[in-house]
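One structure is given below, encoded as structure tokens.
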Amino acid sequence: MSEDSYPVDISPPDISAYRTGNAGVDYATTFDSGKTGPHTMITAVVHGNELCGAITLDWLMRENVRPIRGRLTLMFCNVAAYLSFDPSNPQASRFVDEDFNRVWNETTLDGPRKSRELARAREIRPLVGQADLLLDIHSMQHPTLPLMLSGPLEKGRRFARDVGVPEVIVSDEGHSAGKRMRDYGAFADPTSPKNALLVECGQHWESKSVDVAKETALRFLLATGAVAKDWIEARLPKRMPGPQRTIEVTQAVTIGSDDFRFVADFRGLEAIPKKGDEIARDGDTVVRAPYDNCVLIMPSRRLGKGQTAVRLGRYVS
């Protein structure tokens, strides 16, 4: 099934009321507790067709979320792409000119290249740089288990365990095509206390993705101590999260030709049983499992040259 074949069961909320905000850039609002504490941030719509994050930020605003220490910022990122969302062509609004989540290295941000995504990234860059703790809400092409992308560092894996959801943590380096926002600046510095997580909540347009996004945002706020525990617990599901599993990504398969194809209709989290088993063909090159029980992370249907086709990993204790 292609990405566009999935039904659109959720609707993008009207975010026009949040345009002015108070954080110095459009569509960003900061609440200041007046007390010492970290600057906590939750971001949404880094990709314009990933609706669950926008729904979650709108819900938190309507629920009058407020920090009890430090500052809390809620920000809608790639708004131009989000505002172009059309449920009859839902994949088209992923971005306007280029992937917003591949431009977060200093060379690109400081360079001469221009795009709508780069202009917005440069605009919000100072605010992102101020954040001490970040949760970036995303969704996925296929309806697989939600994933918490912690980055490659132990501090990120530890933060993901503190949040406690989703069940599967993926520890990875990102993409060769460009740096993600969750890897920007001090978030990727092992000596810095700043930390960031990226949650993939499920298939883009299924209603369950909204439930995952809301619970993850609440447990993130609980883990950071930014918001009162009783306020959060009144809105959490009446169940305890189960044990988590961690997958360490050992390599990302970057497409090198104009003819990349998987050997099967992989959707994500499939385990390839034996080292050497064929996973895909990239032109004349055979992509094989580098070890037994190789797990496929988010195999893509956007198979363009230079893009990540799939990440390969294994479960670790």
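The values are calculated or read from the model by the stated rules, or taken from the named source; none is laboratory data. Treat the numbers as computed from the prediction; the structure is a model and nothing was measured. No Cβ is skipped: glycine too gets one built from the backbone with ideal geometry, and neighbour counts run over all protein chains shown.
Worth pointing out:
- Among residues of the stretch 1-34, those that are touching a Gly at 6+ places or on another chain (Cβ under 7 Å) and part of a loop (DSSP other than H, G, I, E, B), counted: 2
- Tally of residues being part of a loop (DSSP other than H, G, I, E, B) and not small (Gly, Ala, Ser) across the stretch 143-167: 9
- Any hit, the stretch 160-170, residues being modelled with pLDDT of 95 or more and under 18 Å from Gln307 (Cα atoms): no
- In summary, strands (runs of 3 or more DSSP E) completely within the stretch 168-271 and bearing 2 or more residues that are farther than 22 Å from Tyr6 by Cβ occur at 168-171, 195-203, 245-254.
- Extreme residue, surrounded by the most Cβ atoms within 10 Å (Cβ to Cβ), among residues of the stretch 271-292 that are over 16 Å from Lys305 (Cα atoms) and among the small types (Gly, Ala, Ser): Ala289
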